[in-house]
Amino acid sequence: MLWHSLFLTPDDFAAISSGLVGAAVVLVLSLTQRYRGRKRILITDYRCGLRFINGEFASILPPGSYRYNPQSEQITVIDMRPQPMLLERQVFQDVVGAQAVISIGTELVVNDPRLVATALRDQIKDSFVIVRDTVRSAASRQVVAGLGDNRKSIAVSLLQAVNAELAKVGMRVPEVEITELWASTPVVQQGSASGVVQ
Amino acid sequence: MNILGYLIILLGGAFLIGAAIFFDRRGTPTFVNLLPHQRGVIFRQGKPLRDVGSGKHRVWSGTELLVHGDVRPISVTFENQVVTLQDGFAAAYGFSANAQVVDIRKAVYSARDYTQIPAAVLLRCARLHLNASNANSLKMERDSIVKRMGEDAKVRLKKDGFDLISFRLGQLVIGTTQAPQSQPAQHVDE
């Protein structure tokens, strides 16, 4: 008989079988109980999850599948993909007083998801305002008129200035492309420089 | 009870335990139907697993996610855009274009909303190339400038998983609000 070769009596076999079925039932019930009221969230690799427990920041979740209890835990998902941004025809006066116009194309990227989640209500709109204001002020410190094609040096200056401001809210721009740059020849009148572009 | 009965109970118990662990780890199977103009990427545990086309696809909800997108051509039309040329003239321009997703995975990763990519790229390229020109070159070499514009846009769009199907600069008016050389506004084409 098989149970003789396995050194098991029919009673042993019955006991093991019953125990195994009992364990299975207990496992299923405990899993059901464990996950009752819990939610599951899937974070893809172009997103980032921030786990808050009882309102306190707990951890940054890498890509994967997670269960959490919504009564005590909150998971905020941040999209890490770039957001194209065009800033067109910003009129300003450069450092020598020439009226100038600049347009840039760039992308907004999340640099620090935790800071972004806590510092910005709307990542894109709020960052857009920061970029626009910074470009205007940084461009007005440049010499645009009469230096030939100095786009690269101006783009580097703008990139540094914009990233310095965006770093405060956890965003950044990987590059700045100047798509339009033109300045009138400054006209000096009574000790001051002025010009008109349009 | 004979040995067969015990074996059945044993195997049933093992099966129940295995099934409980399997569904706990994998999730529950669901099916997603993609239409002929849709493409998608299946993510498992957050990482891209494979690209899928139209049809019925099994997705283990909980551990897998099917991110899908529309691959029908995206029309882009802009009119009355203004750019300053290198010689101080201003040009009003407008263009229309069509772009289509050819690589859904690249498109999904390209931006938060990939449908914004064609417009952003085309606006950048058009302004960049027109600003690098002057009134005379636009009049004399308009076709080659438009061609360069389209080629530049095509390369940039390809990087993001798009193909530029068509590009047409339908409006181009050169004029100035400043009159740098006291010339009247010139109408090149509209």
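Read the figures in this text as sums done on the coordinates, not as results from a lab. Everything numeric in this text was worked out from a predicted model, so none of it was measured. Please note: Cβ atoms are built from the backbone with ideal geometry, for glycine as well, and neighbour counts cover all protein chains shown.
Things worth noting here:
- Inter-chain Cβ neighbour average for residues B:42-55, partner chain, 10 Å: 3
- When the range B:41-114 is described by a simple charge dipole with +1 on each Lys and Arg Cβ and -1 on each Asp and Glu Cβ, the residue from B:Thr77, B:Tyr93, B:Val67 located farthest towards its positive end is B:Val67.
- Mean Kyte hydropathy of 1.0 or more with a Cα span along the axis of at least 27 Å, helices from DSSP in chain A: A:10-34
- Helical contribution to [θ] at 222 nm, DSSP H n ≥ 4, -39,500 (n - 2.57), averaged over the protein assembly as shown, rounded to 500: -11500 deg cm²/dmol
- Using the Cα coordinates of the range B:21-144, the gyration tensor eigenvalues translate into equivalent-ellipsoid semi-axes of 46, 13, 10 Å, sorted from longest to shortest.
- With at most 10 neighbouring Cβ atoms within 10 Å, loop trypsin sites (Lys or Arg not before Pro) (DSSP) excluded, longest segment of chain A: A:37-120
- Mean separation of Cα contacts under 8 Å, 6 or more apart, over the residue count of chain B: relative contact order %: 19
- Summing charges over neighbours of B:Leu10, with a neighbour being any other residue whose Cβ is under 15 Å away from its Cβ, gives -2 when K and R count +1 and D and E count -1.
- Stretch gain in nm, segment B:Ser54-B:Thr77, where the contour uses 0.36 nm per residue and the Cα spacing is subtracted: 5.4 nm
- Test item: Cα-centred dipole of the range B:1-52, Lys/Arg +1 and Asp/Glu -1 on Cβ, debye: 260
- For the range A:70-149 and the range B:63-82, distance of Cα centres in Å: 23
- Under 5 Å between amide hydrogens, built in the peptide plane, is the criterion, and for B:Val102 it picks out B:Phe162, B:Asp163 among residues at least 5 positions away or on other chains.
- Couplings for the range B:47-64, taken from phi via the Karplus curve 6.51 cos²θ - 1.76 cosθ + 1.60 with θ = phi - 60°, read 9, x, 9, 7, 8, 10, x, 6, x, 9, 10, 7, 10, 7, 5, x, 10, 10 Hz in order; Gly and Pro are left as x.
- If you take all other residues with their beta carbon under 13 Å from the beta carbon of B:Lys147, and give Lys and Arg +1 and Asp and Glu -1, the sum is 0.
- Computed from backbone phi with θ = phi - 60° and the Karplus coefficients 6.51, -1.76 and 1.60, the 3J(HN,Hα) list for the range A:59-72 is 6, 9, 9, x, x, x, 10, 9, 10, 8, 9, x, 6, 10 Hz; x is used for glycine and proline.
- Take the Cβ atoms of A:Val91 and B:Gln116, set R0 to 25 Å, and the FRET efficiency comes out at 0.50.
- Span-rule helices in chain B, defined as complete DSSP H runs reaching 30 Å or more along the axis (Cα) with Kyte mean at least 0.0: B:3-26
- Whole-angstrom gap from the range A:9-69 to the range B:93-164, using each part's C-alpha centre: 49
- Whole-Hz Karplus values for the range B:167-175 come out as 8, 9, 8, x, 10, 8, 10, 9, x Hz, taken residue by residue from phi with 6.51 cos²θ - 1.76 cosθ + 1.60 and θ = phi - 60°; glycine and proline positions read x.
- Length-normalised contact order of chain A in % [C-alpha pairs under 8 Å, at least 6 apart]: 19
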